[in-house]
Every structure is written in structure tokens, then in C-alpha cells.
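Okay, structure first, notes after.
The values are calculated or read from the model by the stated rules, or taken from the named source; none is laboratory data. Every value quoted in this text rests on a predicted model; they were computed, and no experiment measured them. Cβ placement follows ideal geometry from the backbone for every residue including glycine, while neighbour counts extend to all protein chains displayed.
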Amino acid sequence: RVVDWQPDDLTVVVEAGVTVGTLESMLAERGQTALLPEWGPEATVGGVVAAGISGYRRARLGPTRDRVLEVTIVTGDGRVVRGGGRVVKNVSG
């Protein structure tokens, strides 16, 4: 599911099972995109990030992981691991 979307801040928080198609359709409503690889709309965001899939646009846009600001994962032995953090927009002018 989509947990949080802040179109003005260009941030979205989703669970791993959200499909690329669902996310991109939602973002398109406001003229935005997550720039995820085009592996089919049924691919999940978690699968794309976990597999390190970047697609043909990587040479120009960089790897998918560079657009992930924060991640929470559960390891095989049940540990919860967090990395990164949300960005707060604090620019004026």
C-alpha cells in the first residue's frame, strides 16, 4: 500500500508489495514519476529495489537505489534493519 505521498516535496512512502504500475499511475496524476525500470506494471517496488534492477535509463539517470531515501527491511532471521532517512525540504527563495 501507499503509506504517504507528499507531491509538493516529491516524496512517496510505499510498502514493498506496491506494484510499479500502481505507483506510477498514482504519481502520474500530478505529473510525477518514480523513474522505476520498465519491467512491467506487475513488478513490485520491493522486488525492483531488492534485485537492484535499473533498466536502460541507468546510464542517464543512475541506478534505482539512488532514488531511495529510506528503507526498512526484515532479514531472514527476523531482525529489522533501517537505512537512510526522510528528507525535510528546508530551502527558501
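Values for this structure:
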item: In the range 19-56, the residues that are within 17 Å of W5 (Cα to Cα) and aliphatic (A, V, I, L, M); result: V20, L23, M26, L27, A28, A34, L35, L36, V45
item: Any hit, the range 66-81, residues being more than 20 Å from V2 (Cα to Cα) and modelled with pLDDT under 85; result: no
item: Residues of the range 21-56 satisfying the condition of being surrounded by 17 or more Cβ atoms within 10 Å (Cβ to Cβ) and polar (S, T, N, Q); result: T22, T44, S54
item: Residue under evaluation R60, criteria (1) part of a helix (DSSP H, G or I); (2) under 21 Å from W5 (Cα atoms); (3) among the charged types (D, E, K, R), criterion not met; result: (2)
item: Meets criteria (part of a loop (DSSP other than H, G, I, E, B) and either modelled with pLDDT under 90 or among the hydroxyl-bearing types (S, T, Y) (or both)) for G31; result: no
